[in-house]
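Quick note: the coordinates plus some simple rules give every number you see, no bench work behind them. Values in this document were obtained by computation on a predicted structure and should not be read as measured data. Glycine also receives a Cβ, built like all others from the backbone with ideal geometry; neighbour counts cover every protein chain displayed.
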Amino acid sequence: MPKHQVPQQYINPFTDFGFKKLFGEESSKEYLIDFLNSVFEDFIPKIKELTYHKNEHLGNSENDRNAVFDLYCKSDKDERFIIELQKVEQLYFKQRTLFYSTFAIQEQAKKGIWDFKLMPIYCIGILNFTFHDNANKYLHFGKILDIQTKEVLLDTLNFAYIECPKFNKTINKNSSNHDKWLYAFTQLSNLDHMPNELKNKIFEEFFKQANVLKLNKSDLANYNNSIKYYRDLHNIEEQNLQKGLQKGVQQGIKQGIQQGIKQGIELGEHKKALAIAKALKNTKNLTIEQIAHSTGLNVEEIKKI
């Protein structure tokens, strides 16, 4: 650890280990239920109980692609919840969640006659990057709707995405549970104590679960490896960003030089045209309109010569 660096007090939930430790174990199930009920209260049915299921699903043949979710759960009403944490920007992430949803559909098929009655599937993406231009909109919900009436045509497939970097609210004791959870999730690894505004039983237990000092030797080693991988990903992303910026600057300079040359030529041509117009104006045989036509200058310019 570099000199004077303060040890991290709480687990970073954007790491693979951190997310699963805080939300993917039987001992932390109550946090996941409260998190989902609070953040998506207007989008998902209220969850009373969840059962964790295998998060790796195989296709029907050896040639099919595997799908690995971060968390795959079923509610007591048999609704499916696919929860995916995305640490860095990825192209086609929304399409990937659509691909994931197909496995939750296929597993509902039963041998023999299948009546195609499907239980609802909720695909939730927790993103540590932004993909939408609206700076204030950090939550996105999707269903299959009628284009004209906006009525729900099919309520089986449901998608939700949180752009975590856009959540910048402060909290107080009267803040909603929605805001408190998103604050805790996005700020957890930056805090050195639990804020007073979060003091209630579930957050007190959550912060205990998140305390790095409470990890056993094996979990601590796994967490450190997860942190290293997370930082490596962001270093690569930062390097790619810098390369992109440098390339953009170089292209900008090149375009600027080309534009400057073009403007210089145009300016030289304009001065040349003025000189020709001045010479033609001294003759008595040409009108101003004829000079304008010959030089490409406008009449007002020629009158001022």
From phi via Karplus (6.51, -1.76, 1.60), per-residue ³J(HN,Hα) for region 88-105 in Hz, x at Gly/Pro
10, 4, 9, 5, 6, 4, 5, 5, 5, 5, 5, 4, 4, 4, 5, 6, 6, 6
Normalised contact order of region 16-244, rounded percent, pairs of Cα under 8 Å and 6 or more residues apart:
17
Backbone HN-Hα couplings from phi across region 16-32 [Karplus 6.51/-1.76/1.60, Hz, Gly and Pro as x]:
4, 4, x, 4, 6, 5, 7, 9, x, 10, 4, 6, 10, 4, 4, 5, 5
Given Lys77/Lys169; Lys169/Lys217; Lys150/Lys199; Lys46/Lys137; Lys143/Lys208, the pairs whose alpha carbons are separated by over 30 Å
Lys77/Lys169; Lys169/Lys217; Lys150/Lys199; Lys143/Lys208
Once the piece of chain linking Lys214 and Tyr229 is laid out straight, how much longer is it, given 0.36 nm per residue of separation minus the C-alpha distance between them?
3.3 nm
Restricting to bridges with both residues inside region 16-244, how much of the DSSP beta-bridge set is antiparallel, in percent to the nearest 5?
50
Protection proxy ranking, peptides 31-40, 72-81, average beta carbon neighbours within 10 Å, highest first
31-40, 72-81
By count of other Cβ within 10 Å, fewest leading, how are Ile202, Ile227 ordered?
Ile202, Ile227
Taking Thr51, Thr156, Thr15 and counting other C-beta atoms within 10 Å, the order from fewest to most:
Thr51, Thr156, Thr15
Starting from the 7 Å offset along Cα-to-Cβ, what nm value, one decimal, do you get for the label separation of Phe129 and Glu41?
3.2
Placing unit charges on C-beta atoms (Lys and Arg positive, Asp and Glu negative, everything else neutral), compute the dipole magnitude of region 16-244 about its Cα centre in debye, rounded to 20.
240
For the pair Glu107 and Lys74, how long in nm is the line joining their label points, each one 7 Å along Cα→Cβ?
0.8
